[in-house]
Amino acid sequence: MPESDSAASWLATEAWYAGLPTMFGSAAALFTDPAGRVLLVKPNYREHWSLPGGILEHGEPPHAGCRREVAEEVGLDIAPGRLLAIDWTPPEGVLPRAMVAFIFDGGVLPEHAPIRLQEDELDGYRFVEPGELAGYLPAFLATRVSAALAARATGAAVYVPQLDGR
């Protein structure tokens, strides 16, 4: 193949990739205490609680993003456990692109785990009974966390598409 054909082919491939749809990604860890209560954190930039985690950086693998976000938010350096749930949320409202969310198993934290909050983003944390998650989380997130808890119990990861939006 002549060199110009190779360059044209590369440029066409680059343009094709540049035109593909994109998604946002996030990763979080599901931690529980010895009693089975779920660790939630309260971001100061929104009304609802959440799992420790956050948005993936460009090109960042989900498990690495989970580790980074957990260390930043609650001061725990973990190697995320197995994948528990993947959630897909369509674009809606202020979310201009679809979101793919990964939840990894953070394990069971000891009673006096050394949690150190990222004070510029988080107002607090607490351990919540699984049956009380709906009182802290919006419906889409309560569904995601409940699915992750079930996946932890069964040993099989789950896919949780939010087809009706948030």
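The values are calculated or read from the model by the stated rules, or taken from the named source; none is laboratory data. All values reported here derive from a predicted model rather than from experimental measurement. The protein model used for the area step is the full one, side chains on, heavy atoms only, and it has no ligands, DNA or RNA in it. Shrake-Rupley method; radii C 1.70, N 1.55, O 1.52, S 1.80 Å.
Once the Cα atoms are used to define both axes, helix 3-18 deviates from the longest principal axis of the chain by about 30 degrees. With N counted as the residues of segment 1-67, its alpha-carbon radius of gyration over 2.2 N^0.38 Å works out to 1.91. Surface composition of the chain: carbon and sulfur atoms hold 57% of the protein heavy-atom accessible area at a 1.4 Å probe.
Taking R67, R126, R82 as the candidate residues, the one with maximal mean-square fluctuation in a Gaussian network model of the chain, Cα springs under 10 Å, is R126. On a 0 to 90° scale, report how tilted helix 62-74 is relative to the longest principal axis of the chain, with both axes built from alpha carbons and the result rounded to the nearest 10. Roughly 40 degrees, rounded to the nearest 10. P(r) tail, segment 83-166: Cα-Cα pairs separated by more than 16 Å, 62% of all pairs. Helix 139-154 and the longest principal axis of the C-alpha atoms of the chain enclose an angle of approximately 80°.
Please compute one quarter of the surface area of the Cα convex hull for the chain and express it in square nanometres. The partial results should precede the final answer.
Numbers: hull surface 49.7 nm².
Answer in nm², one decimal: 12.4.
The GNM of the chain, with springs linking C-alpha atoms under 10 angstrom apart, assigns the highest mean-square fluctuation among L30, L95, L40 to L95. Rolling a 1.4 Å probe across the protein heavy atoms gives segment 28-73 an accessible surface of 44 Å² per residue. GNM on the chain, C-alpha springs below 10 Å: top fluctuator among Y17, Y136, Y125? Highest fluctuation of the listed residues: Y17.
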